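The values are calculated or read from the model by the stated rules, or taken from the named source; none is laboratory data. Small disclaimer: the values here were computed from a predicted structure and weren't measured. Cβ: placed from backbone, ideal geometry, glycine included. Neighbour counts: every protein chain shown.
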Amino acid sequence: MAVFSTLLTLAPQALTFLFFLLIVAFLAYCLYVKHIHMKYDHIPGPPRDSFLLGQSPTFSRILKNGGNVHEKFLEWAEEYGPVCRINALHYVLVSVSCPEATKVILMSSKYSKDTFSYKRLANLFGQRLLGNGLVTARDHEQWYKQRRIIDPAFSSLYLRGLMGTFNERAEKLMDKLAELADSKTEANMLHLVNCVTLDVITKVAFGVDLDLLRNTSPLPKAIETCLKGMVTHVRDIFFEFNPKNRSYINEVREACRLLRTTGAQWIHERKIAIENGDEVPRDILTQILKTANQEKSMTEEDEQFMLDNLVTFFIAGQETTANQLAFCIMELGRHPDILEKAKKEVDNVIGMKHEISYDDLGKLVYLSQVLKETLRMYPTAPGTSRHIAEDMVIDGIHIPGGFIALFSFYVSGRLERFFKDPLRFDPDRFHPDAPKPYYCYYPFSLGPRSCLGKNFAQMEAKVVMAKLLQRFDFTLVPGQTFDILDAGTLRPKSGVLCTLNHRDYKNK
Ligand code: HEM
């Protein structure tokens, strides 16, 4: 009792002291921030605000308010040039749109992914999500070990074998579209292609049949919640300290747990099948199982590590392709001449047949151009970043080490100095005889950390688009916006609403 009353009498003094300590710590932090920022002040970029932490004001506002961050980067790249400084707390980001520096940095394994963003993607609000999987691993050795094991599941030989699944799942979409055409119901194309790409990745990667165009599942909603949570966690670092956000944070954690427990269940089922001597596909799941140390008994960390990659494929292998398809449909709807040309090519190459072969894909040259142009204007995974520890000279500007180099594929795809008339959708930029863009078009990133699923995604996208063009005439529902939603990945805000009609072959 005596101790308690002594504490009570001391409490006001202790609190004052604590408060004083906090103020000192904050001021020390401000001085540290100022010191860092001053080292980079010679680099062109938006002005810092005059408040203690000296951030780039528009940047922090736009991050919080959920605008298209990449549009802002583009404005700044146009105003300040190929090297543009952006201040954010004690970090200095340097947005790079210089082809030579892009080549040097991204093609090398020397520069690791930046700690700030990728650590925050690895764990959402304290709940492990992507962990140390392929996208978020920062240590080169740890990443390389996984990539070497998973690579065979993306060899061209293996991908050829996936044509059956691509065809089969795209056919299910065509059945659904036929129903919508018959009932004259508007189609939300983004939602529909999302179902297909999620169906494809779960079937191809994990041998699981979801059939989302017919069945319901909590997984799409959980992925959506995780994606939203990822953006919030990376872009608003004070979010988790606001008690008002508790219930949302719990929802995000719950969604992460659902993805991981579902993944754990699939891993368990596959292990049992292997133990029973059943024949199992040599799919991505089989390769993921190999990333754990097979010689010794599996530790909890090995299990978690496998789950990291499983969830990584769930997230990386689906939404980006769906968004590309939706943007592509949107642009074709806006450009009837391009749509007609693409349809003609599809008619010539595949005619009326339903089973598209791997060789057919190679002949759909114009459709490839259309898909490439879609990713120039709408790079659905819009950027990457690297931590640069050493001093560097970019475009004649000396940049002291310790900064984050930011590469926005949106910016490079829309700069007039790289692409003439950049806001015009023109697939002929990617004509086989046209000059190749020099380190300014790389929607799948570049170098060792470039997208593992690039060929997979483009094969899948071509099969879906070819079937759509073969079977349907579509028009965009008037009045919808063509704006982009920056949700970490880029999406068409409207969902791309279309009315569909069966193609009339008899009168052609
Ligand atoms: C249009 C579709 C896609 C686009 C635009 C895209 C884009 C990208 C980009 C830009 C990166 C680098 C990310 C970073 O630096 O942080 C990446 C990495 C990755 N992507 Fe994709 N991706 C697509 C589809 C896919 C698909 C379908 C899969 C799997 C089936 C996939 C699997 C991966 C993996 C595993 C990585 C990490 C690679 C590594 O670091 O080793 N992606 N993707």
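Just checking, how many residues over segment 145-198 are among the basic types (Lys, Arg) and touching a Leu at 6+ places or on another chain (Cβ under 7 Å)?
Summing the residues that are among the basic types (Lys, Arg) and touching a Leu at 6+ places or on another chain (Cβ under 7 Å) in segment 145-198 gives 3.
Within segment 317-343, which residues are of a type in the set (Gly, Ala, Ser), in a helix (DSSP H, G or I) and within 10 Å of the ligand (Cβ to nearest atom)?
Of everything in segment 317-343, just one residue is of a type in the set (Gly, Ala, Ser), in a helix (DSSP H, G or I) and within 10 Å of the ligand (Cβ to nearest atom), namely Ala322.
Tell me the strands (runs of 3 or more DSSP E) entirely within segment 406-508 that contain at least 1 residues that are closer than 26 Å to Glu345 by Cβ and of a type in the set (A, V, I, L, M).
In segment 406-508, 472-476, 497-502 are the strands (runs of 3 or more DSSP E) which contain 1 or more residues that are closer than 26 Å to Glu345 by Cβ and of a type in the set (A, V, I, L, M).
Out of all the residues in segment 407-438, which are closer than 14 Å to Pro379 by Cβ and among the aliphatic types (A, V, I, L, M)?
Val411, Leu415
With respect to Glu301, is the statement that it is outside any helix (DSSP H, G or I) and either within 16 Å of the ligand (Cβ to nearest atom) or over 25 Å from the mean Cα position of the chain (by Cα) (or both) true?
no
In the set Leu258, Leu219, which member is at pLDDT 90 or above, crowded, with 16+ Cβ neighbours inside 10 Å and touching a Pro at 6+ places or on another chain (Cβ under 7 Å)?
On inspection, the qualifying residue turns out to be Leu258.
Just to be sure I understand, how many residues within segment 378-431 are under 23 Å from Pro448 (Cβ atoms), out of contact with any Asp or Glu (no Cβ under 7 Å at 6 or more places or on another chain) and within 16 Å of the ligand (Cβ to nearest atom)?
The total comes to 16.
Return the total of residues in segment 302-334 being of a type in the set (D, E, K, R), touching a Ser or Thr at 6+ places or on another chain (Cβ under 8 Å) and within 30 Å of Ala292 (Cα to Cα).
2
Could you count how many residues in segment 135-156 are over 14 Å from Asn309 (Cα atoms) and touching a Gly at 6+ places or on another chain (Cβ under 8 Å)?
Qualifying residue count for the region: 1.
Hey, among Asp175, Asp209, which residue is of a type in the set (Asp, Glu), on the phi < 0 side of the Ramachandran plot, away from the ligand (no atom under 16 Å from the Cβ) and part of a helix (DSSP H, G or I)?
Asp175
Can you run down the residue pairs with Cβ atoms below 6 Å, 6 or more apart or on separate chains, where the first is in segment 337-354 and closer than 19 Å to Phe474 by Cβ and the partner is surrounded by 15 or more Cβ atoms within 10 Å (Cβ to Cβ) and among the β-branched types (Val, Ile, Thr)?
Ala342/Val370; Ile350/Ile356
Can you go through Ile249, Ile274, Ile288 and tell me which one is touching a residue at least 12 places away in the same chain (Cβ under 8 Å), surrounded by fewer than 15 Cβ atoms within 10 Å (Cβ to Cβ) and either within 16 Å of the ligand (Cβ to nearest atom) or not in a loop (DSSP other than H, G, I, E, B) (or both)?
Ile274
Would it be correct to say that Gln369 is within 16 Å of the ligand (Cβ to nearest atom) and at pLDDT 95 or above?
In short, yes.
If Gly131 satisfies every condition in (1) assigned to a loop (DSSP other than H, G, I, E, B); (2) touching a strand residue (DSSP E or B) at 6+ places or on another chain (Cβ under 8 Å); (3) surrounded by fewer than 20 Cβ atoms within 10 Å (Cβ to Cβ) but one, which is the exception?
So the condition that Gly131 fails would be (3).
Just give me the residues in segment 143-172 being more than 11 Å from the ligand (Cβ to nearest atom) and either part of a loop (DSSP other than H, G, I, E, B) or polar (S, T, N, Q) (or both), in sequence order.
Listed by number, the residues that qualify are Ser155, Ser156, Gly161, Thr165, Asn167.
Taking the criterion of being crowded, with 22+ Cβ neighbours inside 10 Å, in contact with a strand residue (DSSP E or B) (Cβ under 8 Å, 6 or more places away or on another chain) and of a type in the set (Ser, Thr, Tyr), would at least one residue in segment 407-417 satisfy it?
Yes; the residues of segment 407-417 include at least one that is crowded, with 22+ Cβ neighbours inside 10 Å, in contact with a strand residue (DSSP E or B) (Cβ under 8 Å, 6 or more places away or on another chain) and of a type in the set (Ser, Thr, Tyr).
If Lys184 passes every condition in (1) surrounded by 15 or more Cβ atoms within 10 Å (Cβ to Cβ); (2) over 15 Å from Leu310 (Cα atoms); (3) in contact with a strand residue (DSSP E or B) (Cβ under 9 Å, 6 or more places away or on another chain) but one, which one does it miss?
Among (1) surrounded by 15 or more Cβ atoms within 10 Å (Cβ to Cβ); (2) over 15 Å from Leu310 (Cα atoms); (3) in contact with a strand residue (DSSP E or B) (Cβ under 9 Å, 6 or more places away or on another chain), the lone unmet condition for Lys184 is (1).
Suppose we keep only residues that are of a type outside the set (Asp, Glu) and closer than 12 Å to Met465 by Cβ within segment 319-337. Which one would you say is farthest from the chain's Cα centre (by Cα)?
It comes out as Leu332.
Is it the case, given these coordinates, that Leu375 is of a type outside the set (Val, Ile, Thr) and under 19 Å from Ala457 (Cα atoms)?
Yes; evaluated as a whole, the condition is true for this residue.
Check Leu89 against each of (1) within 30 Å of Thr225 (Cα to Cα); (2) within 11 Å of the ligand (Cβ to nearest atom) and name the one condition it does not meet.
Of (1) within 30 Å of Thr225 (Cα to Cα); (2) within 11 Å of the ligand (Cβ to nearest atom), only one is false for Leu89: (2).
When segment 484-507 is examined, which residues are found to be under 27 Å from Ala178 (Cβ atoms) and of a type in the set (A, V, I, L, M, F, W, C)?
Once the filter is applied, which keeps residues that are under 27 Å from Ala178 (Cβ atoms) and of a type in the set (A, V, I, L, M, F, W, C), segment 484-507 yields Val496, Leu497, Cys498, Leu500.
Please find, within segment 452-470, the residue that is farthest from the ligand (Cβ to nearest atom) out of those that are within 16 Å of Glu373 (Cβ to Cβ) and either crowded, with 24+ Cβ neighbours inside 10 Å or among the aliphatic types (A, V, I, L, M) (or both).
Filtering first and then ranking leaves Leu469.
Mind checking which residues of segment 432-451 are more than 6 Å from the ligand (Cβ to nearest atom) and small (Gly, Ala, Ser)?
Ala434, Gly447, Ser450
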